[in-house]
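Inspection log for the structure reproduced underneath, given as structure tokens.
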Amino acid sequence: MPSNKNLPSEVETIIIGGGIIGCSVAYHLSKRGMRDIVVLERKQLTCGTTWHAAGLVSMLWPTPTLTNLAKYCHELYASLESETGQATGYRRIGSVSLARNNERLEELKRNSSMAKVFGVESRMIDNKELEKMYPGVNTEGVLGSLYIEKDGQTNPIDTTMALAKGARNQGAQIIENTEVTEIIITNNRVQGVRCGDNKIKAKNIILSSGLWSREIAATIGLKLPLYACEHYYVVTEEMQNLTPRPVMRDFDKGIYFKEDAGKMLIGWFEKNAIGCPMSKISKDFCFDEFPVNMDHIEPYLFSSMETFPQISDVGIRTFFNGPESFTNDNLHLLGPVPEIDNFFVACGMNSKGIAAAGGVGKILADWVIDGQPSGEITEVDVRRNNSIQTSQTYIESRIPEALGHTYSMHWPFYQYKTARNLWKSPLHKALIDEGACFGEVGGYERANWFSRNGESAQYKYSYKRQNWFDFYAAEHLSIRESVGIYDISSFGKFHVYGKNAMKTLQFLSCADVDVAPGNVVYTQWLNDRGGIEADLTISRLDETNFHVITSISSLMRDWSYLNDNLMTDTFAEDVTLKFGCLSVQGPNSRMLLQEITDTNLANDEFAFGTGQYSKIANENVWIQKLSYVGELGWEIFAPSEHMLKIYQTIQTQGKKYNLCNVGLHAVNSLRLEKGYRHWGHDIAAEDSLIEAGLSFTAKPDRSDFIGKDAYLTELSNGVPSRRLVQFKLEDPEPLLYHNEPIIMNGKISGYLSSAMYGHSVGSSIGMGYITTENLNQNTLNEINFEIEIATKRYKASGSLKALYDPEGLNMKL
């Protein structure tokens with residue numbers, strides 16, 4: 001590429017990619033006052049995937065975070081034309097989603113309930129109203145539909161041009177036909193880019209290059225879990241009497257319908273999506289299309305004719321097949337990467353980029369300028385993926401399935417079928433032999449429940465009691481009444497050592513980790529705002545060696561946060577796969593373990609919150625007295641190669657105590673009864689210690705730690721109006737999962753962050769944040785609480801204390 005005199009030599013922020021995401025980021029940065037911005041587009045604006053998007057702008061998405069972003073997007077698109085003078089084609093046309101079975105109907109009702117939390121108005125309609133709203137629809141087999149009046153559509157190209165114009169009006173430069181040929185990194189920090197012979201220095205780089213993002217990121221050693229798939233739609237010839245109408249989604253057939261100027265656009269999310277390696281996409285790709293595989297799309301065309309028969313009477317004007325980029329979990333990739341300072345990504349829109357662009361642009365712009373996002377982003381944080389999830393093998397296998405899951409049932413506890421058995425516990429085979437049914441988190445296989453009575457160790461999904469409900473009830477009660485064992489080898493494990501290891505961990509932790517060797521400390525790592533970045537335990541092995549234990553789902557986040565704050569003479573090693581861990585919990589755990597170790601497990605010799613080196617089965621182990629289930633118990637760590645022998649020894653000795661294999665579903669219900677928080681659900685970077693009821697961990701009367709000033713400021717303000725509360729349904733029959741609205745004196749006050757059935761308390765339980773003044777247990781008792789499930793409300797009680805053993809006596813016996 002020859003020299004381009006129009007390129008700046010230095011800017012504050014470079015955005016790579018001129019689709020709707022890149023232009024939205026530029027727009028929002030410029031609205032925040034950043035003028036020194038350049039968008040570099042290799043060809044023309046929108047020429048990658050933006051131009052061929054269907055332009056749907058939905059209000060209701062599968063998760064709270066995405067729903068919030070979508071809500072803002074509507075507000076933005078409604079105002080862009082008046083602000084910039086550029087027409088966008090945005091209009092609110094509404095949408096209807098069909099249910100053809102009772103489970104889908106319940107899912108739509110649950111979505112409708114969740115939408116209320118964010119002010120999204122929706123309602124269920126019968127077939128008579130559907131036929132009036134959507135003339136010509138075949139309602140045979142339709143049990144009900146969800147109508148969202150304010151769903152919209154927009155013209156993707158025009159909307160992108162409006163965002164670009166708004167950014168230019170504020171001083172941003174947008175330069176087309178300029179390919180970034182090199183990203184310049186020095187000492188793991190952004191320096192700028194090269195465009196042929198031109199070099200542009202920059203403080204920040206934002207990669208928003210759609211399906212090219214993985215390939216571009218790879219040039220600087222980054223692996224993004226992003227993969228392209230073929231994505232189809234057709235457009236009919238003009239149809240007689242096809243009046244404007246809502247978008248219609250027939251989820252159970254995987255198809256959607258959008259009226260467009262008298263023609264019908266029909267698209268789908270097929271379960272057998274065709275992956276699209278980058279080798280198939282030419283370097284000069286610009287407004288290009290792929291050949292159409294008629295055998296592949298015929299079933300969806302025929303299904304569309306069943307739902308809307310008039311289609312069979314007209315011709316097809318356009319058969320479209322083009323690439324779209326998807327992620328392994330159907331969620332965006334946003335934020336700064338942990339490997340390189342000031343390098344941000346905004347990609348992986350999963351065919352929802354038009355509806356997400358406004359919110360994504362705003363939240364990322366705020367992140368760049370303020371150093372933190374302006375809302376809850378945990379589920380879309382680029383740091384959520386572990387290394388195995390970014391491998392080429394993983395993404396090529398998983399992502400086509402994830403695309404197909406877009407319109408599939410979003411079952412509670414759903415497990416993907418592809419890209420499995422990559423990271424496995426050292427006990428994996430032994431657990432299979434015991435009847436384990438596995439789930440995958442962070443690429444790691446974990447035993448979720450154990451089959452019994454000849455039942456197959458496979459999920460049979462439902463919104464009601466699934467096939468393993470009774471099995472996990474028995475596992476739950478075994479820990480409460482006798483003793484159970486569960487494998488938590490999936491824990492993230494960091495060995496932190498060196499002369500300044502203690503100082504590093506003291507600075508990171510709100511708790512005091514300057515404790516005697518052998519002590520185990522429960523702590524949070526905060527950000528400067530006092531938000532909770534991590535929730536973990538730290539064991540002090542000796543003066544200079546520590547083990548940091550965290551969840552597999554936050555492994556990469558916590559590892560990067562640790563490394564960002566390492567002091568000199570401090571070293572860290574990720575030993576997650578080198579060690580296994582078993583937890584033996586329940587009233588009989590001491591008696592069982594005492595018979596296979598010479599370590600004295602009596603209370604006066606082995607206090608709660610301490611650990612010791614010991615031997616089990618003649619193998620060296622680190623054993624610590626802790627519990628995430630609220631019972632007497634120990635966690636046992638050992639090198640992976642010794643775990644099977646240790647497990648077998650415990651199993652053999654445990655027969656006399658009716659030792660029960662326990663899966664992680666039971667662990668979840670046990671911890672909820674105790675009110676124990678789960679990072680990523682109940683607590684995250686936007687939640688404070690005081691709001692979450694975790695201020696007991698903070699020890700501010702010592703040396704400085706990250707977030708200390710913010711914590712002390714909040715503490716001085718007295719009781720916060722926002723608090724995390726435990727809830728228990730009065731009716732033992734309904735099931736809670738999460739995201740159900742919390743109704744306080746007739747008004748929505750929040751939603752459940754996590755939930756499960758509490759077998760020891762006899763009903764579904766959950767926790768979630770509510771907002772009210774002067775909150776304490778007495779005022780809580782005066783509030784009329786309800787939880788809404790699938791549009792129906794059920795009475796509930798609220799508590800600031802644990803629902804089981806609130807004084808925490810059992811685990812200290």
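The values are calculated or read from the model by the stated rules, or taken from the named source; none is laboratory data. In this text, all values refer to a predicted model and were calculated from it rather than measured experimentally. Neighbour counts run over all protein chains shown; Cβ positions are idealised from the backbone, glycine included. Only protein heavy atoms, including side chains, enter the accessible area calculation; ligands, DNA and RNA are left aside. Shrake-Rupley method; radii C 1.70, N 1.55, O 1.52, S 1.80 Å.
Calculation over all alpha carbon pairs of the stretch 395-470 in 10 angstrom steps from 0 returns a P(r) of 17, 45, 32, 5 percent.
Placing dummy labels 7 Å off each Cα toward the beta-carbon, the span from Lys578 to Glu81 is 6.2 nm.
When a 1.4 Å probe is rolled over the protein heavy atoms, the share of accessible surface on the chain that falls to carbon and sulfur comes to 47 percent. For the pair His410 and Thr697, a Förster radius of 25 Å applied to the C-beta separation gives a FRET efficiency near 0.15, rounded to the nearest 0.05. If you average the C-alpha positions of the stretch 425-449 and of the stretch 80-105 separately, how far apart do those two centres end up, in angstrom? Centre-to-centre distance over Cα atoms comes out at 42 Å.
Dipole magnitude for the chain: about 180 debye, using +1 per Lys or Arg Cβ and -1 per Asp or Glu Cβ, origin at the Cα centre.
Between Ile175 and Leu800, the contour length at 0.36 nm per residue exceeds the alpha carbon distance by 219.4 nm.
Pulled fully out, how much extra length does the chain show between Ile432 and Glu149, if you take 0.36 nm times their separation in residues and subtract their Cα-Cα distance? Present the calculation step by step, with values, prior to reporting the outcome.
On the way: separation 283, 0.36 × 283 = 101.88 nm, distance 4.88 nm.
Full extension from Ile432 to Glu149 adds 97.0 nm.
Solvent exposure of the chain, expressed per residue, is 38 Å² of accessible area, with all protein chains present and a 1.4 angstrom probe.
If you take every residue apart from Asn321 with its C-beta less than 11 Å away from the C-beta of Asn321, what net charge results, scoring Lys and Arg +1 and Asp and Glu -1? Write out the running numbers ahead of the final one.
Details: positive: none; negative: Glu230, Asp288, Glu289, Glu324.
Net charge in that neighbourhood comes out at -4.
The modelled label-to-label distance for the pair Gln240/Asp569, using points 7 Å beyond Cα in the direction of Cβ, is 8.9 nm. Highest-first packing order for the peptide set 664-677, 797-810 is 664-677, 797-810, based on the mean count of other beta carbon atoms within 10 Å. With a simple spin-label model that places each label point 7 Å from the Cα along the Cα-to-Cβ direction, the separation between Asn188 and Met294 comes to 5.6 nm. Every helix of 4 or more DSSP H residues in the chain counts as -39500 (n - 2.57), and over all residues that averages to -7500 deg cm²/dmol at 222 nm. Measuring from a point 7 Å past the Cα of Met133 along Cα-to-C-beta, which residues in the stretch 758-798 have an amide N at less than 17 Å? Counting backbone N atoms under 17 Å from the label point, the list is 791.
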